[in-house]
Amino acid sequence: MTKFGEVALVGRPNAGKSTLLNYLLGRKVSIVSDKPQTTRHRILGVVTKEDYQIVFVDLPGFHKPIYQMNKVMMQNVYNELDTSDVILYIVDASVPMGNGEKFLMETLKGVEKPKIVALNKIDIIKKSRVLPMIEEFKNAGFNEIVPISASAGINIDELVNVILKYLPEGEFQYDVDYITNINEKLFISETIREKVLKYTRDELPYTTFVEVRKIEHFDDYVEIFCDIIVEKKSQKPILIGKGGNMIKKIRKESERELMEYFGKEVSLELFVRVEKMWRQKGKYLQQFNI
Ligand SMILES: Nc1nc2c(ncn2[C@@H]2O[C@H](COP(=O)(O)OP(=O)(O)OP(=O)(O)O)[C@@H](O)[C@H]2O)c(=O)[nH]1
Ligand SMILES: [Mg+2]
């Protein structure tokens, strides 16, 4: 009998959910940054082995929503708490537990299904700090607590074994070679957004949206046209940079990564456009329901 199930990756922003998803898949499907609220979509990563298929679902970090965009993001998280078979709660063990973490912990207490805690980032903390945390989560009613490092790949095999203990029996629901729901267009926009997150600061990372306008495939190269949308006029020069150096850095690094993805040359054209309050507009928010 095979096993099949959906595992929700839940946690505070910046905990390392997307890093873990990419590690589990052995390839990048979900963008990562050191800024919170990087992931905006519900990103599937399917791991298929001979006797099991696990659908890992990467999600936006758990936060209090203010803008319409954040409400849509959080709705996806709540839905997933309902529909998944197993909750994988990823905690950044390298930072003290704040109120947001405590609130999430309380929320998860009310969810009646197998709940596994992954204490992440153990590569950068003292071992002596891990034990009391394990105790705390055990006392809070979580089924299993596994210390890991998603970026260094520590203890991930053990984590998968623990997940398998709780995964229901069932037939595979995806083709054995299916990996992710992130299509070409979304991969392009996410790659560019990752570079924006990497190089910009302050409010800009949270207020940009990348719209892919055109993708043209030629024999030996791909031509891509995108708009980077910002909310305020004053943000445009920041994104463009002195003499265009910021936008050039974003373009060059995105092109490099997209070349790997497409296996051929990529020519990327980026335009910066101002669109007030896009985070409140249905036209843009539709994109989050994938
Ligand atoms: N030292 C260390 N850093 C890590 C580890 N896992 C993730 N990180 C870093 O933590 C930061 C956040 O990682 P993400 O994977 O983007 O976190 P996330 O939980 O997906 O964040 P959101 O999408 O904002 O909810 C990045 O800078 C990662 O490189 C780890 O095991 N050890
Ligand atoms: Mg993420």
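Nothing in this text is a laboratory measurement; each read-out follows from the coordinates by a stated rule. Quick caveat: nothing in here was measured; it's all calculated off a predicted structure. Every residue, glycine as well, gets a Cβ built from its backbone with ideal geometry; the counts of neighbours run over all protein chains shown.
Please figure out what share of the DSSP beta bridges in the chain is antiparallel and state it in percent, rounded to the nearest 5.
35 percent
Could you state the angle between the C-alpha long axis of helix 127-139 and the longest principal axis of the C-alpha atoms of the chain, as a value from 0 to 90 degrees rounded to the nearest 10?
70 degrees
Dipole magnitude of the chain about its Cα centre, charges +1 at Lys/Arg Cβ and -1 at Asp/Glu Cβ only, in debye to the nearest 20?
Approximately 1600 debye in magnitude.
Rank these for me by crowding, K214, K165, K17, K35, going from fewest to most other beta carbons within 10 Å.
Least to most surrounded, the residues fall as K214, K165, K35, K17.
If one puts a single equal scatterer on every Cα of the chain and applies the Debye formula without solvent, what log₁₀ I(q)/I(0) results at q = 0.16 Å⁻¹?
Log-scaled intensity ratios, in q order: -1.31.
What whole number of Å gives the distance from the Cα centroid of the range 117-182 to the Cα centroid of the range 1-48?
Measuring centre to centre over Cα atoms gives 12 Å.
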